[in-house]
Amino acid sequence: MGKELVEPDWPPLGDDEVSEVLGGWGTADSADQPVVAWRSPRPMSAAALVRLGGVTVFLKRHHVLVRNPAQLAAEHAFAAHLRRRGQPVPLVLHRANGQSVLRRGEFCYEVHQLAGGVDLYRDAVSWSPYTSRGHAFAAGRALAALHLAAADFPAPARPFAVLMSSCRLICAADPLAEADQLIGERPDLATYLAGRPWREDFTACLLPLIRRAAPLARTLPGQWGHGDWHPSNLTWTSAEATAQVSGIFDFGLANRTFAVHDLATALERGVVPWLDLDPAATGAGPADADLDAAAALLDGYQQVRPLTGIEAAALPRVLPVVHLEYALSEAGYFTHVTRSPADADLAYEYLFGHARWFGQPPGAALLEFLGQYLGRSLPPAGVVHDWSAGR
């Protein structure tokens, strides 16, 4: 939730736990003793890289209030579809019984093949920017390729849940009524929001932005997307500025939205330094978007999958509200799962503060830039900017 390290929400994976869990996956000879080589510092789940003899796997544990077996199975089905379409997604490993998820008590476990390439952003703070324009360009190309591969994945949208991406609010005929329904289904979240002027804030801050985005968003074909596209969910061919994307992982927020929604998420995650904002300033602050990184990401994307005219018009309208469902689901996580009112307050400011930022000079500058960029023609085929030099 910020730049400072915090205690994780969940205890780390223990050695005995790892041995017991991996026993049914057949990842290595039973004589091999698993060795935890690295534990993720991310606070909302417990994950580790585990060595078994000459094999290293990625093991992740979820509380069932966050992800249950059916939810994880949907993610795994999407990952398998992308692999069949040639995308560099690590293989989800299956147990001897054919299942990809193990439930033990209140927790679920999943195991993945190690992603290939260099995990350059592993230790970066969440939502850290790309370290080079070349990386942004490569990430744009990779996202476009993923969207082409995902276009025929037929699964319906996943139901709204904690820590979940969705486009229900911005495509609803009555967004406030839709928000009422989502909140009413979650008593702890409803109790928390009863002490905040959320309806007034929603009507004043969010509703005008939703109404601007919705007419175009509703016309765009639905499809699954990654849901959380940023550099720390990618691996790279090298540490150089010219590196390409080598692997794509973490589909925990994946859902059926539409391609521009996923592209807007990639821009929101990768070109705006949100952690520079003062949460108490209700969206005001010195955070200036990295316009060069935005241009590089869009150049890369459109080299592989050019936006249609409607998509180009929709992107600047969707961007200010692309975070709404995730922010609301995050508030649900902090009120129902971890029961942390202080973190719920930060999620509330995220919900409204990020939208307000787009009305401040830095946010308006980003939207104006996108309008100008998307309003001009693409360069001729094969002609691209050199984004390999510099930050």
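The values are calculated or read from the model by the stated rules, or taken from the named source; none is laboratory data. Keep in mind the model is a prediction, meaning the values are calculated, not measured. Neighbour counts are summed over all protein chains in view; Cβ atoms, including those assigned to glycine, are modelled from backbone coordinates with ideal geometry. For the accessible areas, the whole protein counts, side chains as well, though only heavy atoms, and no ligand, DNA or RNA atoms are used. Shrake-Rupley method; radii C 1.70, N 1.55, O 1.52, S 1.80 Å.
Picking from 117, 300, 140, which is most flexible by a Gaussian network model of the chain using Cα springs under 10 Å?
Its mean-square fluctuation being the largest, the pick is 117.
Carbon-plus-sulfur fraction of the accessible area of the stretch 61-157, 1.4 Å probe, in percent?
On the stretch 61-157, the fraction of accessible area on carbon and sulfur atoms equals 55 percent.
What order do you get for 38-47, 302-311 when each peptide is scored by the mean count of other beta carbon atoms within 10 Å, highest first?
38-47, 302-311
Report, to one decimal in Å, the Kirkwood hydrodynamic radius for the stretch 40-143 based on all distinct Cα pairs.
15.6
Quote the FRET efficiency, to the nearest 0.05, computed for residue 73 versus residue 339 with a Förster distance R0 of 30 Å and r equal to the Cβ-Cβ distance.
So the FRET efficiency works out to roughly 0.65.
Along each principal axis of its Cα atoms, how long is the stretch 123-281 end to end? Whole angstroms, biggest number first, please.
49, 40, 28
Between residue 37 and residue 288, what FRET efficiency follows from the Cβ-Cβ distance if R0 is 41 Å, with the result rounded to 0.05?
The computed FRET efficiency comes out at 0.60.
Before anything else, pin down the relative contact order of the chain: Cα pairs under 8 Å, at least 6 apart, normalised by residue count, whole percent.
Relative contact order of the chain: 19 percent.
So what is the calculated 222 nm ellipticity per residue for the chain, using -39500 (n - 2.57) for each DSSP H run with n of 4 or more, over all residues, to the nearest 500 deg cm²/dmol?
-12000 deg cm²/dmol
Ratio of alpha-carbon Rg to the 2.2 N^0.38 Å globular estimate for the stretch 146-234, to two decimals, please.
Scaled against compact globular proteins, the figure is 1.26.
With Cα extents along the principal axes in Å in mind, check (i) 68, 48, 43; (ii) 61, 55, 39; (iii) 53, 52, 40 and report the label derived from this structure.
Evaluating Cα extents along the principal axes in Å on these atoms matches (ii).
Using a probe of 1.4 angstrom, how much of the accessible area of the stretch 165-290 is carbon and sulfur, in percent?
After summing per-atom areas, the C and S share lands at 54 percent.
Please report, in whole Å, how far the alpha carbons of the stretch 192-234 spread along each principal axis, starting with the longest.
38, 30, 14
Name the most mobile residue of 61, 199, 376, meaning the one with the largest mean-square fluctuation, in a Gaussian network model of the chain with Cα contacts below 10 Å.
In this elastic network of the chain, the residue with the biggest mean-square fluctuation among 61, 199, 376 is 376.
Label point 7 Å out from residue 313 along Cα-to-Cβ: which residues of the stretch 209-243 have amide N under 14 Å?
Only 212-220 fall inside the zone, counting backbone N under 14 Å.
Apply the membrane-span-like helix rule to the chain: whole DSSP H runs, Cα extent along the own long axis of at least 24 Å, mean Kyte-Doolittle hydropathy at least -1.0. List the helices found.
Length and hydropathy pass: 133-150.
Using the heavy atoms of the protein chains alone and a 1.4 angstrom probe, what is the accessible area of the chain per residue in square angstrom?
Ligands and nucleic acids excluded, the figure is 42 Å² per residue.
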